[in-house]
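The values are calculated or read from the model by the stated rules, or taken from the named source; none is laboratory data. All figures in this text were calculated on a predicted structure; none of them were measured in a lab. A quick note on method: Cβ atoms are made from the backbone with ideal geometry, for glycine too, and the neighbour counts reach across all protein chains shown. Each accessible area value is taken on the protein alone, full model and side chains, heavy atoms only, with ligands, DNA and RNA left out. Shrake-Rupley method; radii C 1.70, N 1.55, O 1.52, S 1.80 Å.
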Amino acid sequence: MKRLNLIAAAALTIMATATAMPTGLRAADTVSLPCVCELSGAGAVSGTNYRDGAKMAAEEINAAGGILGKKIVMTDYDTQSDAQTSRALVQKAIDAEAYAIIGTVYSGSTIVNMLVAQQNGVPQFTGSEAPNVTRQGNPYIFATSSSSAKGVPGLTPYFKDTLKAKKIGVAWVNNEFGKGGHDVFVNEMKGAGITVVADVPSEQGQADFAADVSKIKESGAEAVFVYLNEEEAARFLKEAKKQGLKAPLVGEVTLTSQKVIDLAGDAANGAYAHVGITVGANVPAVQEFGKKFKQKYSRDTDHNGLKGYIAVYAVKYVTEMNGSLDQEALAKKLHGLTLDVAKYPGMLLTTSWDKTGEMSRESFMTQVVDGKQKVIGTVPAN
Amino acid sequence: MAQFLQVLLSGLATGSIYALAAIGFTLLWQAAQTVNFAQGEFVMLPAFFVLIAMGLGLPLPVALLVALAVSVFVLGYLFKRLIVEPMKASKTGGGLPLVIATMSLAIFLKEGVKEFYGAEAQPYPELVSGGSWDVFGAIVSVTDIAHLAISLGVVVLLTLFLNRTRTGRAMQATAQNPDVAKILGVDTKRMVLYTFLINAALATLASFLITPFYLAKFSNGEYLGLIAFIAAIVGGFNQIRGALAGGLLIGVLDNMTATYVTAEYRAAVPLVLLIVIILWRPEGLLGTSEGRSV
Amino acid sequence: MLEVKEVYGGYGKVVILNGVSFKIPQASITTVIGPNGAGKSTVFKAIFGLLDIHAGQILLEGKDVTRLTPREMIGRGVTYVPQGRNLVPQLSVYHNLELGGITVKDQAMVRDRIEVVMDQFPALRQHRDRKAIELSGGQQKQLEVARALLLDPKLILIDEPSIGLSPNLVQEVFRTLMRLRDQGVTILMVEQNAKAALAMSDYGLVLELGQTRMHDRAEKLLADPRVGRLFLGGHIEEIQ
Amino acid sequence: MAIIPKWAFILVGIVLLVLAPIGQGNYVALILCSWLMYTIAAMGLNLTLGYAGQISLAQGSFMAIGAYITALLTLSGVHWLVAMPLAVLGCFIVGLLVGFPALRVKGHFLAFVTLAFNTLVVLVLRNEDWLTGGSYGKSNMPRPDFWLFNTGTKSTFLSIPLSSNQKMYYLCLAVFIVFALLMYGLIRSPWGRAFKGLRENPIRAESLGLDTRRLTLLAFAIGSAAGGLAGALVSPVVQYIEPNSFALQHSLRILLMVVVGGSGFFFGPMLGAAVVILLPEFLRFTEGYYLIIYSGLVIVLMVYSPSGLMGVGSRIVAAVRPKRVARTDMKEGAQL
């Protein structure tokens, strides 16, 4: 038996060595834009949309001649929604000569793997919206949508001037995504002189929102900020309807998304949300994108599809501005750059990046009316 | 007061569904010493059978029946026949390896649903819908009451079946003293099979009741499985009413904690309860130390 | 009445019985004795269909019953009371008795038989609705024997009935068995308390290493010094 | 087979392990690091499970405790060589505290208590932001500098370029070899034999005058300390830790490694960790299906060979040498 042990140990050492086969070298006439995304696990929906949006852009660009005449090669790396795996995969993608990294969407993953991209000087286009991603002073990270640090302040005038709320409740999911939004929001409210009377964290995947809604109801909040993932948002809306919560429910990005409307049914009617970019926006280019996406993948996308799409176009435009496949130049050029949609149609909306890689563009206030997301106002870029 | 009542009633309604999953868990433990770590997935899966059946154009009641039949076959018969039985037959397979096999089964079912149906949460039709009542300021929906009634009704029926019928008593004999059951001529294999089928049916019912709130999603089983497990141990691993009490207790306690104590640590409460029970009263609140012990 | 011919058997590949043979007549009590591991309980399991029989034959009233299942053996009028706890602890006395008739379709008959059996064991009638676990040790053993009698068997296989019982209760159990024999029931018993058991038996059977060593009238075995030395532990003390 | 002495196998194994990352990319080095780290954690669990017969579902949380202690200390400037033993000691003590009450009750209760403990640890790590950084976790832990061998930077050795990741691999390898030797010594010691006796026959062990509860507790605490050691490596290798990386599913994953490898076999965890960490690499081409295939394979393995891959190996050996057929089914039959 002991001998067997040893043989097994030796065999698997060989196996381990064999795993370590060198990965193929990049052919010089292509541009590698690996997509490191959540293709399985809890983040699979967001990650898959992000990837498919990016894929669609890559195919369009390749059909039109590629980047500087070179075709884009996009390889998938599935992080399984796990931070440590994502770190290893970003490393793997960089070992395989990535020009830029597309992904990841989970903030928890991006925080980890962006260090690797930074160490190797590879620009990275993340789908994450947690504000601390762009606050690390990492010159290689670029957001593809406004983080909650930009999005949430966009809501402040709405609460203050439109709803005229003095007391407010906040329901948020207690993970790095929710906590980021929550912290920004509470800070903003303090600045605006609005009291947060109910501060209710919930677990990711929580099913029973009876206690959460009841606490907000009891607190006498005049409006509620709902910062939850889609399923939880839908459950919250259902419970709010059941308990007859009258205060307006206002969210950031997710609350009026089609998914939440599908899941919550009529309970979603009347909910408000500030969205960075939405297929429902009254912008022909964006609506056109939504149609193309549906045609290609026979399903609707959320905003993550748009984010992946513009990430790849941004790489193309800026690289061609620089005239060479220079990673450092790409990163440098992006800081403080504005891509005007008139000149760069692939961006769908005029988009700018600041010195931290945070992005900014026109955004929208939406409301669910009769089971449809309706744009009720535009919030200018800040 | 209104808030207390609200939270209490909501907790009972949710807890009653936990109880269904916990009872199945307890039954399997008693009859086949199987700690089923895939119990949560057993609750997750039937909802997708309903969605598939409805996707084929069947009306809801028919789809429910089809899903029930398929679940009982797959999660009851096939589970026993293909996994538990061969492992029980081998010398070392009954303990830890079976635990590992059910854990792997949980991943298998979860990932299978994700790949073949989709990763996104799906809307799911309500079994019972209707208005709501105002009870001393608390809003109670007809659905909540129906859940509570259905769960309690099933528990009563199940208890009656086990105590008042010969087959039920033969099942008890098989669980409590299988060797004797065998020499008395009880068809123990069949009784164990019945237990697996009942477990699958209970999980399916829990699935029908809870999915309208949970929404159908491949990952639903993770939390449910853990709760069923905790409810079963807290209530008493060898008692049906123990599992019922455990489920209700956790449903209520979860909401009460979130409302009055701490929302950050709400998930900790069932776990702390679990540890306290194990150290203080390992047979569970309503469990008996006689018969099979854990 | 029962004939065991050259039976070899065990669990899977492990052989425990190495050609056991014996014959017992109707309406008799036979006690099986032998050292630990001799295969005493195993013989019972072989007869009752709980063992892999590799070779040999078991005849009941001249008919081949080798490799029948427990259920079928019950159908042929054989019951088995194994060693140790044989009750369903959480069921009532009545329901434990009823389980003795689980193989029978005719419920009315089972109910009648329960009444008959309870007449023989008045203590059980008294505790009819209590859980089996709540009975005293002696009452539990009575319940087991009573349940074995439920279907009016021809042959009872009873393993170590005296374990855990006080001497008075042992005598009571033995008296019950003798009464049954007088009613025409055949009894095959394994008993650690060999001396007392042989004293009330008609025949004795000595097993060793899965084979029959001796088979004779009980009083002859009791008188045999070899048996005394080997198995009737009490003798050693007497010698000392 | 008997001609080759067993130290030769070990030597060949070590040489292969030393050569493994050379000429490979950073990714491979990282994967190999995580293989060794998980092997250490799994070997610790193997002591609790395979030798003392107790199921623990908290190995992930001990990795967490080890990783957080190391992270907090190294971030505040303490050298890794000091932080690591403190992390190990910390886990040993916590292991004693958790195991002591849980082992008072028999059966699977340690499994249930550790299951709850694991989730509680994750909750505390997430909610106590002031210490642990909450759900943002801790990042940028320094890689240790051993003066002549600074794992934080690139350098060349005998004209072989070594990246920081490759150096971390050698650190992991060194820790692993020392750890394996200590474990081997422990299992060979009277204590180790007592552990084995405990698993095979607790009643007999007790009758021989062994204090079974104390031994089990000790096995559990040592196993937990090994989890802490693995955590002490995670901190500088991954340079980012957050509560969810140590959730219950990771404990289950470690348990899976032990059982798939074959619990109670000394090298089982190494094989099990290889299967859990490396197999997904081989199955990557199956894309989303690999978890399905993988979990399906584990089920089949458990049904076919409950004693894991090592058990499959011994079955093959048994088939080649039929006289070694074990007396199967005896135990089960004897219960009737």
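Data overview
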item	result
Identity of the residue in the stretch A:204-241, within 21 Å of B:S207 (Cα to Cα) and modelled with pLDDT under 90, that ends up surrounded by the fewest Cβ atoms within 10 Å (Cβ to Cβ)	A:Q204
Residue in the stretch C:126-157 that is farthest from the other protein chains (Cβ to nearest Cβ), counting only those that are in a strand (DSSP E or B) and under 22 Å from the mean Cα position of the chain (by Cα)	C:L155
Top-ranked residue in the stretch A:84-136 [being more than 28 Å from A:T30 (Cα to Cα) and surrounded by fewer than 24 Cβ atoms within 10 Å (Cβ to Cβ); ranked as nearest to the chain's Cα centre (by Cα)]	A:P131
Count of the stretch B:55-93 residues which are more than 8 Å from chain D (Cβ to nearest Cβ) and either in a helix (DSSP H, G or I) or closer than 17 Å to B:V192 by Cα (or both)	27
Residue, least open to solvent (accessible area, probe 1.4 Å), within the stretch C:3-35, restricted to residues that are part of a strand (DSSP E or B) and basic (K, R)	C:K5
Residues located in the stretch A:342-366, provided they are part of a loop (DSSP other than H, G, I, E, B), closer than 27 Å to A:Y272 by Cα and in contact (Cβ under 8 Å) with a residue 24 or more places away in the chain	A:L348, A:L349, A:T350, A:E358
The listed residue being in contact with a Pro (Cβ under 8 Å, 6 or more places away or on another chain) and either within 30 Å of A:A96 (Cβ to Cβ) or surrounded by fewer than 24 Cβ atoms within 10 Å (Cβ to Cβ) (or both), out of D:T70, D:T39	D:T39
Residues being more than 10 Å from chain A (Cβ to nearest Cβ) and not hydrophobic (A, V, I, L, M, F, W, C) - total across the stretch D:227-249	5
Residue list for the stretch B:136-176, filter: open to solvent by less than 40 Å² (accessible area, probe 1.4 Å) and either aromatic (F, W, Y) or without any contact (Cβ under 8 Å) to a residue 12 or more places away in the chain (or both)	B:S141, B:G153, B:G168, B:R169, B:Q172
Matching entry among C:L68, C:L59 (being more than 14 Å from every other protein chain (Cβ to nearest Cβ), surrounded by fewer than 20 Cβ atoms within 10 Å (Cβ to Cβ) and in contact (Cβ under 8 Å) with a residue 12 or more places away in the chain)	C:L59
Selection within the stretch B:241-270 - crowded, with 24+ Cβ neighbours inside 10 Å and more than 14 Å from chain A (Cβ to nearest Cβ)	B:G242, B:A243, B:L244, B:G246
Matching residues, the stretch D:151-175, being in a loop (DSSP other than H, G, I, E, B), open to solvent by 50 Å² or more (accessible area, probe 1.4 Å) and more than 20 Å from A:K92 (Cβ to Cβ)	D:T153, D:L158, D:S159
Where A:L325 falls short, out of the listed (1) among the aliphatic types (A, V, I, L, M); (2) open to solvent by less than 50 Å² (accessible area, probe 1.4 Å); (3) part of a loop (DSSP other than H, G, I, E, B)	(2)
Residue check for A:L68: out of contact with any Pro (no Cβ under 8 Å at 6 or more places or on another chain), in the same structural domain as A:G121 (by TED's automatic domain parsing) and at pLDDT 90 or above	yes
Any hit, the stretch D:250-272, residues being more than 10 Å from chain B (Cβ to nearest Cβ), closer than 26 Å to A:L115 by Cα and either assigned to a helix (DSSP H, G or I) or open to solvent by less than 20 Å² (accessible area, probe 1.4 Å) (or both)	yes
Count of the stretch A:159-197 residues which are among the aliphatic types (A, V, I, L, M) and surrounded by fewer than 19 Cβ atoms within 10 Å (Cβ to Cβ)	5
Flag if D:S207 is among the small types (G, A, S) and at pLDDT below 85	yes
Single condition D:P144 does not satisfy, out of (1) in contact with a His (Cβ under 8 Å, 6 or more places away or on another chain); (2) surrounded by fewer than 19 Cβ atoms within 10 Å (Cβ to Cβ)	(2)
Filter pass, C:A123 being surrounded by fewer than 18 Cβ atoms within 10 Å (Cβ to Cβ), over 20 Å from the mean Cα position of the chain (by Cα), more than 9 Å from every other protein chain (Cβ to nearest Cβ) and modelled with pLDDT of 90 or more	no
Selected residue (only one of B:L96, B:L109, B:L127, B:L105 is open to solvent by 10 Å² or more (accessible area, probe 1.4 Å), in contact with a Ser or Thr (Cβ under 9 Å, 6 or more places away or on another chain) and more than 9 Å from chain D (Cβ to nearest Cβ))	B:L127
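For every residue, the table says whether it meets (1) assigned to a helix (DSSP H, G or I); (2) within 11 Å of the chain's Cα centre (by Cα); (3) more than 30 Å from C:R147 (Cα to Cα); (4) among the charged types (D, E, K, R).
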{"residue": "B:K189", "(1), (2), (3), (4)": "yes, no, no, yes"}
{"residue": "B:N199", "(1), (2), (3), (4)": "yes, yes, yes, no"}
{"residue": "B:S207", "(1), (2), (3), (4)": "yes, yes, yes, no"}
{"residue": "B:N220", "(1), (2), (3), (4)": "yes, no, yes, no"}
{"residue": "B:A232", "(1), (2), (3), (4)": "yes, yes, yes, no"}
{"residue": "B:V252", "(1), (2), (3), (4)": "yes, no, yes, no"}
